[in-house]
Amino acid sequence: MTANDPDTLAFYADEAVRYANQTQARSFEHLDTYLALLSPGASILELGCGGGDDTAHMLERGFNVAPTDGSPEIAAEAQKRLRIPVSVLQFQDIIAENAYDGVWASACLLHVPRTALPDIISHVHRALRPDGQFFASFKSGTAEGRDRFGRYFNYPSPEWLRDAYQADRWQTIDIKTVMGSGYDKEPTEWLYVTATK
């Protein structure tokens, strides 16, 4: 089962410049909370880096970041901004083993089809070192669907996510519900998931 939805990738290809260069003010509070779980200079694999805002913040904080995005067009825009290599990486192509202290996946795994998500989480688990920290965020819901831009979302519940993560192989899984928004500017209930290998 592929983790790539053609319509979602087409949206990001068409919107790459606008999406990657959004100028809205944003908070790094939840990112800083995550970074506090890691040792100074820890190595972090970032999935779905978008325009590179989080990458830039992590680099400024002294972390060793490997930014990636599944959209070649978005990755190219992020690389222009960051002036470091940004790899094109599809989630199912994560092959690293025991390589990273952290994996940061903000608002990207929410596009993975429900049937493919447990396998993708397994790839992330393998890529982490023992005690590694994995953050991912999802738009909460009860059934998969599409937004007004045609993008696919898996819209999980906390209970569904715990099953997808196969909770017994993680030391801890913390799921927080946070109200916010996204590219569509719609009020959104988010699920912030932090798991310790």
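The values are calculated or read from the model by the stated rules, or taken from the named source; none is laboratory data. Here the structure is a predicted model, which means the values were calculated and not measured. Every residue, glycine as well, gets a Cβ built from its backbone with ideal geometry; the counts of neighbours run over all protein chains shown. Protein only, heavy atoms only, side chains kept; ligands, DNA and RNA dropped before computing areas. Shrake-Rupley method; radii C 1.70, N 1.55, O 1.52, S 1.80 Å.
Just to confirm the filter: which trypsin sites (Lys or Arg not before Pro) across segment 131-185 are DSSP coil and have at most 13 other Cβ within 10 angstrom of their Cβ? Kindly include the intermediate steps, with their values, before the conclusion.
On the way: sites: 139, 146, 148, 151, 162, 169, 176, 185; in loops: 148, 151, 185.
Those satisfying the criteria are 148, 185.
In Å², and per residue, what accessible area does the chain have when probed at 1.4 Å with the other protein chains present?
Dividing the accessible area of the chain by its residue count gives 47 Å².
Could you identify which residue out of 131, 168, 101 has the top mean-square fluctuation in a GNM of the chain using Cα springs shorter than 10 Å?
Maximum fluctuation in the GNM of the chain, among the listed residues, is at 168.
Evaluate the relative contact order of segment 44-139 (contact order divided by residue number), counting alpha-carbon pairs under 8 angstrom at least 6 apart; express in whole percent.
Relative contact order of segment 44-139: 30 percent.
Just subtract the alpha-carbon distance of residue 15 and residue 93 from 0.36 nm times their residue separation and send over the number in nm, one decimal.
Taking residue 15 through residue 93 to full extension adds about 25.7 nm, to one decimal.
Would you give the gap between the C-alpha center of segment 173-196 and the C-alpha center of segment 101-164, rounded to a whole Å?
First find each Cα centre; the distance between them is then 11 Å.
Output the relative contact order of the chain, whole-number percent, from Cα pairs under 8 angstrom with separation of 6+ residues.
It comes to 20 percent, rounded to a whole number.
Of all DSSP beta bridges located in the chain, what percent are antiparallel, nearest 5?
In the chain, approximately 55 percent of DSSP beta bridges are antiparallel ones.
Provide the per-residue ³J(HN,Hα) series for segment 98-106, in order, calculated from phi with Karplus coefficients 6.51, -1.76, 1.60 and θ = phi - 60°, each as a whole number of Hz, with x at glycine and proline positions.
Going residue by residue, I get 6, 10, 10, 7, x, 10, 10, 9, 7 Hz, with x marking Gly and Pro.
Ignoring ligands, DNA and RNA, what percent of the 1.4 Å accessible area of the chain is carbon and sulfur? It would help to have the intermediate numbers written out before the result.
Values: 4700 of 9300 Å².
Of all accessible area on the chain, carbon and sulfur atoms account for 51 percent.
Just to confirm a number: summing +1 for Lys and Arg and -1 for Asp and Glu over residues other than residue 55 whose beta-carbon lies under 13 angstrom from that of residue 55, what do you get?
On the way: positive: 61, 80, 81, 83; negative: 46, 53, 54, 60, 69, 77.
Charge balance in the 13 Å sphere: -2.
How high is the relative contact order of segment 78-192, in percent, counting Cα pairs under 8 Å that sit 6 or more residues apart?
On the way: 171 pairs, mean separation 26.7, N = 115.
In percent, rounded to a whole number, it is 23.
Considering only DSSP states other than H, G, I, E and B, which GluC sites (Glu not before Pro) in segment 71-118 qualify as loop sites with at most 13 other Cβ atoms within 10 Å?
In loop regions of segment 71-118 (DSSP not H, G, I, E or B), the sparsely surrounded GluC sites (Glu not before Pro) are 97.
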